Amino acid sequence: MPEIKVDTREAQCPAVEANIVVDCRGETCPVPLVEVRKAIRKAAPGDVIEVFGTHPASKKEIPMAVEALSLELLSVEGTDTDWTIRIQR
Amino acid sequence: MEDKADKVTIVLHSGDMDKVYSALIIGNGALAMGMEATIFFTFWGLQRLKRGALEKGPLSKMNMLGLGKWMVKQRMKRANVATLEKMLQDFKELGGKVMACDMTMEIMGIRPEDLRQEFIDEYCAVGSYIQEARESAITLFI
């Protein structure tokens, strides 16, 4: 049986440089969601968007929006009051 | 017909500051989550589309001749809540639709040039609201 090799380096380390950075630290509802949506509209397919925020509900809701828009959620890191979310269009 | 699950239509009847916030937050939230959104401005709500009037509404409760509103505004500023102006601009930038009730314009003597026409997509009546609402998964009266 032939050996199947899977290269997982990229999957383990999503260290792709962000194409668009959205800094909504200190912003509250609905600004983080809205700013992310604006960034997604500006992004080209394949672009990586990195979002910094401090609004706790948005940490849960941005991933919901990403799913609703059928985009890829690369990572959610940090605490509820200081987080980073990476999205790929 | 469009996918029924993908649209929110809001009737904004109130011109109270807090209720205008509700309408614009929900509208922006819908657009951000990938839905379409329409706000039908009527009666006191339409007053807020006059030039310079967007932030001028009283608080729906405990306005206390403007004192309550002032206190709430201070707290909103501290919490870094966006202005209604920013929310309306975001709503339009994300593709939200603004409808203005033409009967209200007639009753209240509002001319198109009194309104911020750059934000208004359509001047219309109940039939247009129903057409929007019938293909919306969510419709609200505020």
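The values are calculated or read from the model by the stated rules, or taken from the named source; none is laboratory data. Nothing here was measured: the structure is a model prediction, and the numbers come from that model. Counting neighbours? That spans all protein chains shown, and the Cβs are built from the backbone with ideal geometry, glycine included.
Residue count for segment A:33-48 satisfying the condition of being of a type outside the set (A, V, I, L, M) and within 14 Å of another protein chain (Cβ to nearest Cβ): 5.
Residues in segment B:78-103 that are surrounded by 14 or more Cβ atoms within 10 Å (Cβ to Cβ) and of a type in the set (Asp, Glu) were compared, and the one that is farthest from the other protein chains (Cβ to nearest Cβ) is B:ASP102.
Does segment B:86-123 hold any residues that are over 12 Å from B:LEU49 (Cα atoms) and charged (D, E, K, R), and which are they? Once the filter is applied, which keeps residues that are over 12 Å from B:LEU49 (Cα atoms) and charged (D, E, K, R), segment B:86-123 yields B:LYS86, B:ASP90, B:LYS92, B:GLU93, B:LYS97, B:ASP102, B:GLU106, B:ASP121, B:GLU122.
Among the residues of segment B:76-99, write down those that are part of a helix (DSSP H, G or I) and under 21 Å from A:LEU69 (Cβ atoms).
To start, the set of residues in segment B:76-99 that are part of a helix (DSSP H, G or I) comprises B:76-78, B:84-93.
Once the filter is applied, which keeps residues that are part of a helix (DSSP H, G or I) and under 21 Å from A:LEU69 (Cβ atoms), segment B:76-99 yields B:MET87, B:ASP90, B:PHE91, B:LYS92, B:GLU93.
So which strands (runs of 3 or more DSSP E) stay within segment A:28-89 end to end and still have 1 or more residues that are closer than 23 Å to B:TYR21 by Cβ? Explain how you work it out, then say what you get.
On the way: elements: A:48-53, A:72-79, A:82-88.
Ranges flagged: A:48-53.
Which pairs do you get when a residue that is within 9 Å of A:PRO30 (Cβ to Cβ) and at the interface with another protein chain (Cβ under 7 Å from one of its Cβ atoms), found in segment B:19-32, comes within reach of a residue that is assigned to a helix (DSSP H, G or I) and among the aromatic types (Phe, Trp, Tyr), reach meaning Cβ atoms under 8 angstrom, with the pair 6+ apart or on two chains? Matching pairs, first to second residue: B:ASN28/B:PHE91. Evaluating B:GLN74 against the criteria (1) without any contact (Cβ under 8 Å) to a residue 12 or more places away in the chain; (2) of a type in the set (S, T, N, Q); (3) surrounded by 18 or more Cβ atoms within 10 Å (Cβ to Cβ) leaves one unmet condition, (3).
Looking at segment B:1-11, is at least one residue farther than 18 Å from B:LYS97 by Cβ, assigned to a helix (DSSP H, G or I) and either of a type in the set (Gly, Ala, Ser) or modelled with pLDDT under 95 (or both)? It would help to see each step written out before you state the result.
We begin by selecting, within segment B:1-11, every residue farther than 18 Å from B:LYS97 by Cβ; these are none.
No, segment B:1-11 contains no residue that is farther than 18 Å from B:LYS97 by Cβ, assigned to a helix (DSSP H, G or I) and either of a type in the set (Gly, Ala, Ser) or modelled with pLDDT under 95 (or both).
Exactly one residue out of B:ILE120, B:ILE107 is over 20 Å from B:VAL20 (Cα atoms), of a type in the set (A, V, I, L, M) and out of contact with any Lys or Arg (no Cβ under 6 Å at 6 or more places or on another chain), and it is B:ILE107. For segment B:92-102, state whether one or more residues are within 20 Å of B:GLU36 (Cβ to Cβ) and touching a His at 6+ places or on another chain (Cβ under 7 Å). No, segment B:92-102 contains no residue that is within 20 Å of B:GLU36 (Cβ to Cβ) and touching a His at 6+ places or on another chain (Cβ under 7 Å).
It is to be established whether one or more residues within segment B:36-55 are within 14 Å of another protein chain (Cβ to nearest Cβ) and more than 30 Å from A:GLU67 (Cβ to Cβ). Looking through segment B:36-55, none of the residues is within 14 Å of another protein chain (Cβ to nearest Cβ) and more than 30 Å from A:GLU67 (Cβ to Cβ).
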